[in-house]
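First up is the structure itself, then whatever we jot down about it.
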């Protein structure tokens, strides 16, 4: 809970019933939980929001694919990106890095994918 900003310093507090634990350990535990919630939000944005298939075995395969996609995104963030790009959300990464302008053209009995030149 944030209750004020004093001279650019943010004062925060959180209530817990944990006894005999230093404040630094409580702060670390709180931040780790926030990271876990960020990962859950990223998983939902990647395909975990709803299970699209009817059979439990097929949905298990879907979950495996989502986990692989999340792992690949995490490795890409660590190895390929630097600076502010490393902290971007998965939705923005998909929009900026993984999407390409193209047009699907059907001519005769063939389908041609025309990619934008720029």
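Please treat every number below as a calculation from the coordinates, not as lab data. All values derive from a computational prediction rather than experimental measurement. We place every Cβ from the backbone using ideal geometry, glycine too, and count neighbours over all the protein chains shown.
Of note:
- Nearest-ten-degree value, helix 56-79 long axis tilted from longest Cα axis of the chain: 70 degrees
- Whether the range 1-66 is rounded, prolate or oblate, judged on the alpha carbon gyration tensor where a/c under 1.5 counts as rounded: prolate
- When 58, 90 are arranged by Cβ crowding within 10 Å, least crowded first, meaning fewest neighbours, the order is 58, 90.
- C-alpha long axis of helix 23-43 to longest principal axis of the chain, angle in °: 20 degrees
- If R0 equals 25 Å, the separation of the Cβ atoms of residue 81 and residue 41 corresponds to a calculated FRET efficiency of about 0.85.
- Only helices enter this figure: runs of n ≥ 4 DSSP H residues, each worth -39500 (n - 2.57), summed and divided by the residues of the chain, yield -14000 deg cm²/dmol at 222 nm to the nearest 500.
- Ordered from longest to shortest, the equivalent ellipsoid semi-axes for the range 2-115 are 41, 21, 13 Å, each the square root of 5 times a Cα gyration tensor eigenvalue.
- Length gained on full extension, residue 34 to residue 56, computed as 0.36 nm times the residue gap minus the Cα-Cα distance: 4.9 nm.
- Between residue 95 and residue 11, the simple spin-label model (points 7 angstrom out along Cα→Cβ) gives 3.7 nm.
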